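Bear in mind these aren't lab numbers, they're just calculated from the coordinates by the rules spelled out. Note that the coordinates shown come from a computational prediction; the quantities given were computed from them, not determined experimentally. Virtual Cβ from ideal backbone geometry, glycine too; neighbours counted across all protein chains shown.
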Amino acid sequence: MKSLTEYLTFNTQNRREYINITAAVERIVAKSGIHEGLCLVNAMHITASVYINDAESGLIADFDDFLEGLAPHEPASRYRHNRTGEDNGDAHIKRNIMGREVVVAVTGGRLDFGPWEQIYYGEFDGRRPKRVLVKIIGE
Amino acid sequence: MKSLTEYLTFNTQNRREYINITAAVERIVAKSGIHEGLCLVNAMHITASVYINDAESGLIADFDDFLEGLAPHEPASRYRHNRTGEDNGDAHIKRNIMGREVVVAVTGGRLDFGPWEQIYYGEFDGRRPKRVLVKIIGE
Amino acid sequence: MKSLTEYLTFNTQNRREYINITAAVERIVAKSGIHEGLCLVNAMHITASVYINDAESGLIADFDDFLEGLAPHEPASRYRHNRTGEDNGDAHIKRNIMGREVVVAVTGGRLDFGPWEQIYYGEFDGRRPKRVLVKIIGE
């Protein structure tokens, strides 16, 4: 069994951003030399997500509206978590709605994707360096 | 390490359907000959889900009500995504609420399940052929 | 390829509880002797979740409020599922919002975690014995 582990770092300009990381993950899969296996991609911070959906700007805005509707950033007093001095209670909840991780099949040396699957990093409390883990195991 | 990758295709009659795919996945696990490993099952389209829950018709109707409550199909103008000419903005969001994939342990050559776990394909924009990937790795 | 599978059992005093199981999973990873691989942790019951987020009591209360807001326990008549004689329709839905499983990288013999990642068992219909599966594969 072979494996490769790498870490991507993101430092967004805005509190919330949605970044297509598919090409970066594909490069790590190619570097691994693994032909058949599984690829894990996960946020290492608990106020960010990794998810798979469309690279379409309208949809990304729809996701952001949806998440703000369910767990709005303001008022900070809405969240008990913010009594610790944080202001990111909403970001913890948004992260769990969108998920921490994806597991993708590696087949024939490539991400085994349907026609529109794209891997996104969803940042909900940015403006500081945060990491994403990519690990491939297989043969 | 051994692996097996197969693809299931679904073409539902209704826009939204919930299909129990447990037996189909079990057949692929048996065919793989893998005794200890992991089984990934994921939707390859971004308007459909794979999830695990109960094979009970009332619960399935509850899930559908819940998803329509959070991300209703109508009016189409509710979603920026639909300005592209699509009418499936809701389906993209429903898919992320219910999740893209499940990873199931394979132990002693079988899906290592609790008493009520059943694997479902959740279709939110059907009436056309769409695929599910099943990949098992292990020994 | 090596693998190890173990099962944890929880019997909570309350209907809903949130239990930090990180140390228990770490012990199983250490016992496995696996240095590079993947660790699957999943609820084996369909009214409970395994998720990763913060070990902070305010946040846990925020999650509970959020879930009760989306899928309240009362009135039981709200859920078609409860016509079967159950009263846990809400718990099935809460479980899918929070997720069934996490997949964690094992790197250098340890869970490869960011600074605040903690694994939680989320119980939504407790007061009876329920199991969590932990399986590590790798080398």
(request) Determine the dipole magnitude for the range A:2-138: charges of +1 sit on the beta-carbon of Lys and Arg, -1 on that of Asp and Glu, nothing else is charged, the reference point is the Cα centre, and the result goes in debye to the nearest 20. (result) 680
(request) Anything over 31 Å Cα to Cα? Flag those among B:130/C:130; A:135/B:130; B:135/C:130; A:135/B:94; A:94/A:135, in the order listed. (result) B:130/C:130
(request) Please report, to two decimal places, log10 I(q)/I(0) for chain C at q = 0.21 Å⁻¹ as given by the Debye formula with identical point scatterers on the Cα atoms and no solvent. (result) -1.21
(message) Test of understanding: ordering A:133, C:67 by Cβ neighbours within 10 Å, fewest first, what list do you get?
(response) A:133, C:67
(request) Quote the convex hull volume per residue of the range C:1-81, based on C-alpha atoms, as a whole number of Å³. (result) 138
(message) Counting only other chains, and only Cβ atoms inside 10 Å, what mean value do you get across the residues of C:90-97?
(response) 5
(request) If a/c stays under 1.5 just call it rounded; otherwise compare a/b with b/c (prolate if a/b is bigger, oblate if not). Do that for the protein assembly as shown, with a ≥ b ≥ c from the square roots of the Cα gyration tensor eigenvalues. (result) rounded
(request) Taking the Cβ of each residue in A:9, C:22, C:47 as the centre, tally the other Cβ atoms inside 10 Å and list the residues starting with the fewest. (result) A:9, C:22, C:47
(message) Helix-only estimate, please: 222 nm mean residue ellipticity of chain A, summing -39500 (n - 2.57) across DSSP H runs of length 4 or more and dividing by its residues, to the nearest 500.
(response) -8000 deg cm²/dmol
(request) Mind pulling the angle between the C-alpha long axis of helix C:57-70 and the longest principal axis of chain C? Nearest 10 degrees, somewhere in 0 to 90. (result) 50
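Arranged by the count of other C-beta atoms within 10 angstrom, fewest first, what order do A:120, A:7 take? Intermediate results must be reported in sequence, preceding the final value.
Numbers: A:120 23, A:7 13.
The most exposed by this proxy come first: A:7, A:120.
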(request) May I ask for the net charge around residue A:107, where only other residues with Cβ less than 10 Å from the Cβ of residue A:107 are counted and Lys, Arg are +1 while Asp, Glu are -1? (result) 0
(request) Pop a pseudo-label 7 angstrom from the Cα along the beta-carbon direction at both residue B:84 and residue B:131 and give the gap in nm to one decimal. (result) 2.0
(message) Report D for the range A:92-139 in µm² per second (integer): Stokes-Einstein, Kirkwood Rh on Cα pairs, 10 °C, 1.306 mPa s.
(response) 120
